[in-house]
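Let me begin by presenting the structure, written as structure tokens, before commenting on it.
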Amino acid sequence: MRACNIVYAIAAGVGLVGSVNAEEASAARAVFGQITFELSCAVCHGLDAKGDGPMATQLTVPAPDLTLLGMRNGGPFPTKRVTEIINGGQAVSTHGGQMPAWGLIFLKDFEGFNRDSPRNDQALVRRRIDDLVVYLQSIQEDDRPMPLTHVEFIPQPMIYFSARASMEPEQIGQLMTSAFETLGRFMGEAMVTPVGPPLAVYRDWADGMMTVEIGFPVSDADAAKATGDINAGQTPGGHALKAIHRGSYDRLHDTYAAIEAEMKEAGMQQSTLMWEVYFGEPGRTPDADLVTEIYMQISAEDAAKLPTD
Ligand code: HEC
């Protein structure tokens, strides 16, 4: 445990984590998390986090496989819930297991270490638990966009910037940047307030080209202000399948490939109308925390094959 404290004191002291770019910081944190995991968690959960540590046979409730935390929650990695469980050791299942409350244990650890230098033990505990969570997230085997769910939408007024564009990811990225600049300028001048997160609607793709409408849902009154390059229209409606992509936009194609495979397996018909809704601000939000909701229009018949969101 001592080695671990020293690593933390050094990391906190030099401000290692947080001063580098988001990806490196996340990798560094996963390494710290792994160190803690091997020292404190592997005894029950196993070195590979699969639930088969040396103490596993003595537990009344088995230590769960921690590489499947996303799947059991029906999709994205449940950061908040996992953080709370590690911190408070709350009984996860109704029969009450023996998962210790690590918040208190880690606090004791830090209390016994180097009283001469003032520091915030609570912050070190939080950091250590956060690093554990980053590590657990990095070893998820089920970090897939699945499951697909079914949602039904009523169209809403929307303002948007439209372009016929290549489907090359890099060009889409550039188009997004300039579209949001144009939209931002217009919304500032016309005092338009979005009523939801930004979205991009993709239509009519063929031969590597498609029509993209990038914009925001707005009120009827604000939609009426659309002028020049800014159009007024409606967000898509009807039945859609929903999938969630987490992380960098560079990896969106993996998620689309997974959706396609899943649809094919279920015998569902692909359509040529889909849209993405963006949560988080690229450049400001760490890549790992970016969330993209992906919707694809489907028939009522296909919608019936999916669980409702
Ligand atoms: C003494 C054995 C033991 C140790 C050590 C231990 N755990 Fe656990 N853990 C358990 C048990 C048992 C459960 C299931 C509790 C229940 O179902 O009530 C559990 C549950 C969990 C869960 C919830 C999983 C789920 O399916 O929701 C997480 C997350 C977790 N542990 C993380 C950790 C981390 C991180 C550490 C190290 C800091 C750790 N555990 C150390 C025994 C242990």
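Bear in mind that the values in this text are calculations on the coordinates, not laboratory data. None of the values given here were measured: they were computed from a predicted structure. Here the Cβ is made from the backbone with ideal geometry for all residues, glycine too, and neighbour counts use every protein chain on show.
Structure summary
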{"item": "Cα lying deepest toward the dipole's positive end in segment 149-303, options A303, Y256, P157, charges on Cβ", "result": "P157"}
{"item": "Hull volume in cubic angstrom per residue (convex hull over the Cα atoms of segment 149-303)", "result": "109"}
{"item": "Estimated distance in nm for a label pair at A123 and A266, the labels positioned 7 Å out from Cα along Cα-to-Cβ", "result": "4.7"}
{"item": "Most to least packed among 124-133, 42-51, 256-265 [average Cβ atoms within 10 Å]", "result": "124-133, 42-51, 256-265"}
{"item": "Net lengthening on full extension, T308/S178 (0.36 nm per residue, minus Cα-Cα)", "result": "43.3 nm"}
{"item": "Rough spin-label spacing in nm, given labels placed 7 Å along Cα→Cβ, for E24 and D48", "result": "3.3"}
{"item": "Additional length obtainable on full extension of the chain from T193 to A257, 0.36 nm per residue less Cα span", "result": "19.6 nm"}
